[in-house]
Every structure is written in C-alpha cells, then in structure tokens.
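Notes follow once the structure below has been shown.
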Amino acid sequence: TSDHELERHIISILSRHGLSACFAAVPFRVSESGERTEWTIDLARHLIDAQQAGIIEIAQHGHSHSRLGETQTGAPSEFYGIPSVEQLSAIREGMAHLESIFGKTITGFVPPWNTYDSVTSQAVAKAGLGFLSACWEISHGGDVTIIPRTCSLRNARSTINAARRFESLNPVIVVVFHPDDFEEFHRPPEPGESPPFTNLGEFEDLLSWVRSESGIKVEKLSRLAERSQSGYPLWCLESYSWFRYIPYRIRKLFPKNILIQRSRFASLLEIMQGAVVKGGG
C-alpha cells in the first residue's frame, strides 16, 4: 500500500550517488475489519532488486503496524505494554515472512510509532535481530544494539555540520525520513497531519552535498550495529551524569542528539576543544 513510484525515485537517487539507506518494511496489513493481507514478492520486487544491488537494506517495521496499545504518554504503539509472549511471536512471524520475501536474514527492527518497552528489546534480541532503531527519547538496550534517530531531513545538514566540530569523537548521525515528507507523495496529508516539507530535488541536493564533503561517511545501520557489538558501542554524552557539570556556555555548543562510536574513555579535553572551535551549528 506504499508509494512504489516514490520509492523507486528515492532508490534511483541513492544509486546515482553511490549511497545506501535502510528501508523499514511492514510484513502484514490488517484492515479495519480484521482481515490480514501478507506482503508479496511481486509487490516488493523493486525493493528486492535494490537490496540485491546493495542500495538498501531491509529492517522489520513491526508486524502489521496495528495500534494495539499506547505508552504512558498516550502515544500509539504496537508493542509497548504487550505481553512478552505476544511480542516475541509477532516479531518472529514478521521476521520470517520478510526473510521469505527477500531471501536474506533480517537484522534490524523498527517499531511502529517509535514506541516500545524493555520487553520489546528483549524480544528483538531473542528473535536474533541485531539492532533496534527508534526515537531518541527511549533507550531500552539489554542484549540488542539501540540505534536511535538523531535528526530528520529537515535539519540533517545543520546537524551534520555541528557534529563535524567533534570529528575526533567519531560522531554518528542517523537521519530518518518518511515518504509523506516529500511533496511527490501519492496522497495529500489528512486533517491534522503535517504537510510535506521537502521534495526529491532537495533530497538529491542533500546527497550531492554529502558526497562532496570530505570526512562524511555513509554506512548501513547493520554495519554500525556490528561495530557496536565488536567493542565500539554507540553512546551519547547526555547519558552521563558528569556531562551536566561542564560549564553551560561550553555544553550548549555541543550538538544535541548525536551519537558517538568510540571508547567511552574519550577525553574531556577533546570534547571541550571541539566545543570551542569556531564556525558551524
């Protein structure tokens, strides 16, 4: 039910620039009457081809993107608060179906609405998935690598520029976007939905800039997870209590919501040196 034409355009742009992206795919669809439809190889053919060409990797986007509950703040969720047996069963069933379509092991999990709980991360690990990617604010880890989003296409360029002042810390930016962010999306926004804020031309301009700038490397999320599991964990300064003791005038210069993939013993001197470098965000 997604916009296949827009997906083809995005894949084509990625291919032209020699870059890759992670596509989060929903295995099943459940109608309002409760009827379930399975995703098929025919409908996924353009994504299968892109995956085989190395342009995209496929992550599992929940089970059927059904609203089965909600978080304590009222946000919709397919997994938050759901019993562990049900979560694990749904994840395994969806994972098996995607693997039957793409003929390749699925290594990533993206929960619908970015909502999940500690039971979800445990279930993801039990299912054999390598990473879970969702929003910044929630970080239940355990035995699975958490790779949260850090920005959207709207502020990707400024976030990258701000992070580049801290190159010695190996900053990681995770840019998340959705089809309805684009003006070319096949249907207009519904009442209450935000209007699109970008288009395919701007997307291509951003990727051209990324490719032209030295020091910027684009990697698959699965590769980030592999490195994390090999002794280079992803972490953020805000998660450490000592970070708040850095003088505010210095701390506010450090870009928010960037990940670091380097030893946790990175020196405070390097952080402060990066903070006072002139220019950038």
* Residue check: is Ile56 closer than 23 Å to Arg227 by Cα, at pLDDT 95 or above, surrounded by 22 or more Cβ atoms within 10 Å (Cβ to Cβ) and among the β-branched types (Val, Ile, Thr)? -> yes
* Condition met for Glu38 (within 21 Å of Cys135 (Cα to Cα) and open to solvent by 20 Å² or more (accessible area, probe 1.4 Å)) -> no
* **Options Val176, Val172, Val218; residue that is in contact with a strand residue (DSSP E or B) (Cβ under 9 Å, 6 or more places away or on another chain), under 16 Å from Thr150 (Cα atoms), among the β-branched types (Val, Ile, Thr) and open to solvent by 60 Å² or more (accessible area, probe 1.4 Å)** => Val218
* Structure fact -> Expected single match for surrounded by 13 or more Cβ atoms within 10 Å (Cβ to Cβ), touching a residue at least 24 places away in the same chain (Cβ under 8 Å) and more than 12 Å from Pro112 (Cβ to Cβ) among Ala50, Ala25 is Ala50
* Structure fact -> Note on region 147-169: residues under 16 Å from the mean Cα position of the chain (by Cα) and either open to solvent by 30 Å² or more (accessible area, probe 1.4 Å) or without any contact (Cβ under 8 Å) to a residue 60 or more places away in the chain (or both) are Arg149, Ser152, Leu153, Arg154, Asn155, Ala156, Ile160
* Hey, Gly141 hits all of (1) open to solvent by 20 Å² or more (accessible area, probe 1.4 Å); (2) modelled with pLDDT of 95 or more; (3) touching a helix residue (DSSP H, G or I) at 6+ places or on another chain (Cβ under 9 Å); (4) of a type in the set (Gly, Ala, Ser) but one; which does it fall short on? -> (2)
* Every residue from region 69-97 that is surrounded by fewer than 21 Cβ atoms within 10 Å (Cβ to Cβ), in contact with a Pro (Cβ under 9 Å, 6 or more places away or on another chain) and over 12 Å from Thr120 (Cβ atoms) -> Glu70, Pro76, Glu93, Ala96, His97
* To do: Taking only region 135-161 into account, find how many residues are outside any helix (DSSP H, G or I), out of contact with any strand residue (DSSP E or B) (no Cβ under 8 Å at 6 or more places or on another chain) and either under 15 Å from Cys236 (Cβ atoms) or charged (D, E, K, R) (or both).
  => 6
* Could you give every pair whose Cβ atoms fall below 8 Å, whose first residue belongs to region 248-272 and is in a helix (DSSP H, G or I), and whose second residue is at pLDDT below 65, counting only separations of at least 6 or pairs across chains? -> Ile250/Met272; Ile250/Ala275; Ile250/Val276; Arg251/Ala275
* To do: Answer with yes or no whether His9 is within 19 Å of His178 (Cβ to Cβ), in contact (Cβ under 8 Å) with a residue 60 or more places away in the chain and more than 16 Å from the chain's Cα centre (by Cα).
  => yes
* Is it the case that some residue within region 181-188 is more than 20 Å from Glu5 (Cβ to Cβ), part of a loop (DSSP other than H, G, I, E, B) and open to solvent by 50 Å² or more (accessible area, probe 1.4 Å)? -> no
* Asked: Would it be correct to say that Gly192 is over 30 Å from Ile106 (Cα atoms) and modelled with pLDDT of 90 or more?
  -> no
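The values are calculated or read from the model by the stated rules, or taken from the named source; none is laboratory data. The shown structure was predicted, so the numbers you read here are calculated from the model rather than taken from an experiment. Using ideal geometry, Cβ is built from the backbone for each residue, glycine included, and neighbour counts are taken over all protein chains shown. Keep in mind that these areas ignore ligands, DNA and RNA; they rest on the heavy atoms of the full protein, side chains included. Shrake-Rupley method; radii C 1.70, N 1.55, O 1.52, S 1.80 Å.
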